[in-house]
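Student: Pasting a structure here, questions to come.
Each value in this text was obtained by applying a stated rule to the coordinates, not by laboratory testing. Here the structure is a predicted model, which means the values were calculated and not measured. In this analysis, Cβ positions are derived from the backbone assuming ideal geometry, glycine residues included, and neighbour counts consider all displayed protein chains.
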Amino acid sequence: MTDMWLMRIGIAVAGAILFAAIWYFGTRPRQGGQGRRVRAEESGERDRMEPTLGAQIEQELDAAGDAPDEPGRHAELDLFDDAVGEAATPNSELGRRVSDDFDKIVTLYIAARAGQVLRGPDIVVAAEKAGLTYGHMNVFHRLVEGHPERGPIFSVANIRKPGSFEMSEVQSLETPAIAFFLTLPAPAAALDAWEMMLPTAQRMAELLDGVLLDEQRNALGRQRVAHIRDDLRAYDRQQEAPPVARSPRW
């Protein structure tokens, strides 16, 4: 066997070993902590995250026919379709106040994070998940269960004029913030109404990835929440107290 023949055999064996190494290290799964860090967008975690319906809703709808089945996403889209379908012809009486008289308003805001906006489809889905009803003035309301005729416990409006959420334009709707307002007297005790509004606002802020603010546009903290509760507790006591009889003038 000549030296040239031995050299060719050595090159062939080395090449086979190289390709085997490339295949082995390129296809076997990485162990935890090895290699570069994988971003959530590049990992399977993305498929497990609850999808949003913001700017990507059109792309998601277009790709729905080709994409693999994703129950979470389809459930979200179905919820949006159902909510918009029900709101397309709203009962204008749902959420109408029994009286226009009031003596106190408690307000909260959900603001978009810096450089972002709250989008109409996301707001509709979040309101639906939080148990709100679309109705009077084309805004969302929390109604008394079983007694919607008593009016809204609290309502949620767009801070952009005219304050409504027009369903015919909801796909393109964008706003920097939405407002929760509790108008007193309400069809429930003031403190009870607050205890319904606060968790609803917190839930929607979570769903919208927004920031919950008080009436002064400051982040809502525990101290402010405690102060509001004390204030509304005092309001309820005042409403329950009998009127003070005036002494007759002689």
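Student: Hey, among the residues in region 157-167 that are touching a residue at least 40 places away in the same chain (Cβ under 8 Å) and closer than 21 Å to Glu93 by Cβ, which one's surrounded by the most Cβ atoms within 10 Å (Cβ to Cβ)? Please lay out each step first, then the result.
Tutor: First, pick out the residues of region 157-167 that are touching a residue at least 40 places away in the same chain (Cβ under 8 Å): 159, 165, 167.
Subsequent filtering for residues that are closer than 21 Å to Glu93 by Cβ retains 165, 167.
On the way: Phe165: 22, Met167: 20.
Step by step, filter region 157-167, then rank; the result is Phe165.
Student: Still on this structure, I have one more. Criterion first (of a type outside the set (Val, Ile, Thr), on the phi > 0 side of the Ramachandran plot and surrounded by fewer than 17 Cβ atoms within 10 Å (Cβ to Cβ)) does Arg237 satisfy it?
Tutor: The answer is no for Arg237.
Student: Only one residue in Arg229, Arg222, Arg233 is without any contact (Cβ under 8 Å) to a residue 12 or more places away in the chain and over 20 Å from the mean Cα position of the chain (by Cα), so which one is that?
Tutor: On the way: Arg229 fails: without any contact (Cβ under 8 Å) to a residue 12 or more places away in the chain; Arg233 fails: without any contact (Cβ under 8 Å) to a residue 12 or more places away in the chain.
The unique qualifying residue is Arg222.
Student: Going by the conditions given, is Ala201 buried (at least 17 other Cβ atoms within 10 Å of the Cβ) and in a loop (DSSP other than H, G, I, E, B)? Show your work before the answer.
Tutor: Numbers: buried (at least 17 other Cβ atoms within 10 Å of the Cβ): yes; in a loop (DSSP other than H, G, I, E, B): no.
No: the conditions fail for Ala201.
Student: I'm checking my understanding of the structure. Among residues of region 151-184 that are among the hydrophobic types (A, V, I, L, M, F, W, C) and in contact with an Asp or Glu (Cβ under 9 Å, 6 or more places away or on another chain), which one is farthest from Arg237 (Cα to Cα)?
Tutor: Of everything passing the filter in region 151-184, Leu173 is farthest from Arg237 (Cα to Cα).
Student: Please find, among Arg217, Arg237, the residue that is part of a helix (DSSP H, G or I) and among the basic types (Lys, Arg). Steps first, please.
Tutor: On the way: Arg217 fails: part of a helix (DSSP H, G or I).
Checking each option against the conditions leaves just Arg237.
Student: Take the residues in region 92-124 that are among the basic types (Lys, Arg) and in a loop (DSSP other than H, G, I, E, B), then tell me which one is surrounded by the most Cβ atoms within 10 Å (Cβ to Cβ).
Tutor: Taking region 92-124 and keeping what is among the basic types (Lys, Arg), we get 96-97, 104, 113, 119.
After this cut, where a residue has to be in a loop (DSSP other than H, G, I, E, B) as well, the list is 96-97, 113.
Numbers: Arg96: 15, Arg97: 17, Arg113: 11.
Step by step, filter region 92-124, then rank; the result is Arg97.
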